[in-house]
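First the structure, in the form of C-alpha cells, and then the observations on it.
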Amino acid sequence: MKDFFNGYYYKHQKGEHTLCLIVGKSNEEKFIQVITEKFSWRFPFTKGNYFSERGIVLDINTPELSLTGKIRYQGLSPIRYDVMGPFRFFPMECRHGIVSMSHQLDGSVILNGEIIDFTGGRGYIEKDSGRSFPSSYTWVQSNSFQKNCSVMAAVAAIPVCNLKFRGCICIIQYEGREYRLATYLGVRVLCCTEKKIVLQQGRCRLDIRIQEKDGRHLSAPQNGRMTRTIVESAACPAEFVFYKGKKTVFHLYSDHASFEYEYHPDEKRRRADF
C-alpha cells in the first residue's frame, strides 16, 4: 500500500500521573509522540528507545523534553478475538487492534527532572494501521477504576466500497468477563457527542458521560502522512454505567479516562447526532 501508516498507543497511569506514548511510522518518518495531562511532544524515533508487549525503554533528550526510564508490563489482558470482527476482511482506511486492555506496570521514568514511579499502576496498549484516521470519530478508554474493569469504545464514520456508515466497536472487561458491543453484532448508537455516548445491543446498554478537560494537540495520519492535527485528553473525568436488562452490572467513575472527539465540518450529520 502506497499511502500507509502504522502506530501503537501505550498508556501508563498511576495516581495523578498519566503518560501516553504513540510510536509509529508513516510514508515519510518514524516518530514518537508523548502525551501527558498538561503537554504533548512529537519527535523522530531515535536509537535507545524500545517498545514491546513486555515493556518500554525511553531515551529522549531534546531541548523541549528529557524523558528516560524503563517500565515493564506484567499480566497482559488481550481480548478474545479481533476487535474488527468480519470487517478485518474488508478494505478499510483504518484498522484498529487491541493488544492489552489492562496490565500491571513496574518501573519509573524521569520526565524533565521529575521522577514518576509507575510501579503498581495500570497500562493499556492498542494499535492502528491503514491510510487515514476516520474523518469523524469518538474514542474513549479507561482502566482506572476502583474495581477490576477496563473499557474501550469507539464510534466512527467508516467509508467502505463508496459507502459511508457509522461504525462502533466497544470492549468491556469486568471482573473476569468480557462483553463486546459492535456494529457486526447489531449494536445501536443511541447517542454520540463530545459529552456522551450511549450504546445498546440486545439487553446490554452502556452509558458513558465525559467531562472533557483541555486536550493536547497530536499529529494523526492523512493519506499515509502525519499531516492532520487532532486533540486528545489523556486524563479526564468520566462516568461509566453498564446495564444488562434491568440489572446494573456496574456504575463506575474514572478521573483518568483518555478521550478523543473529532468532527469533520463537511459531514452531513449534525454534530449532536454524529
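Laboratory data are not the source of any read-out in this text; all were calculated from the coordinates shown. Just so it is clear, the model here is predicted, and its values are computed rather than measured. With ideal geometry, Cβ positions are generated from the backbone for all residues, glycine too; neighbour counts draw on all protein chains shown.
Scan the stretch 108-183 for GluC sites (Glu not before Pro) in coil per DSSP, keeping those whose Cβ has at most 11 other Cβ atoms within 10 Å, and list them by number. The qualifying sites are Glu175. Note on the chain: with a GNM built from Cα contacts shorter than 10 Å, the maximum mean-square fluctuation among Arg188, Arg54, Arg166 falls on Arg54. Classify the stretch 1-108: rounded, prolate or oblate, from the alpha-carbon gyration tensor (a ≥ b ≥ c, eigenvalue square roots; a/c under 1.5 rounded; otherwise prolate if a/b is larger than b/c)? The shape class here is oblate. Just checking the listed ones, Arg225, Arg88, Arg180: in the Gaussian network model of the chain with Cα springs under 10 Å, the one fluctuating most is Arg88. In terms of the Cα gyration tensor, with a ≥ b ≥ c the square roots of its eigenvalues, is the chain rounded because a/c is under 1.5, prolate because a/b exceeds b/c, or oblate? Judged from the Cα gyration tensor, the chain comes out oblate (a/c at least 1.5, b/c at or above a/b). Full extension of the chain between Lys164 and Phe89 gives 25.3 nm of extra length, using 0.36 nm per residue less the Cα-Cα distance. Between Ser108 and Thr62, the modelled label-to-label distance comes to 2.6 nm, taking each label 7 Å out from Cα in the direction of the beta carbon. For the chain, the relative contact order comes to 16 percent (Cα pairs under 8 Å, sequence separation of at least 6). GNM on the chain, alpha-carbon springs under 10 angstrom: the most fluctuating residue among Gly176, Gly245, Gly69 is Gly176. With contacts defined as alpha carbon pairs under 8 Å and 6 or more residues apart, what's the relative contact order of the stretch 142-269 in percent? Rounded, it is 18 percent for the stretch 142-269.
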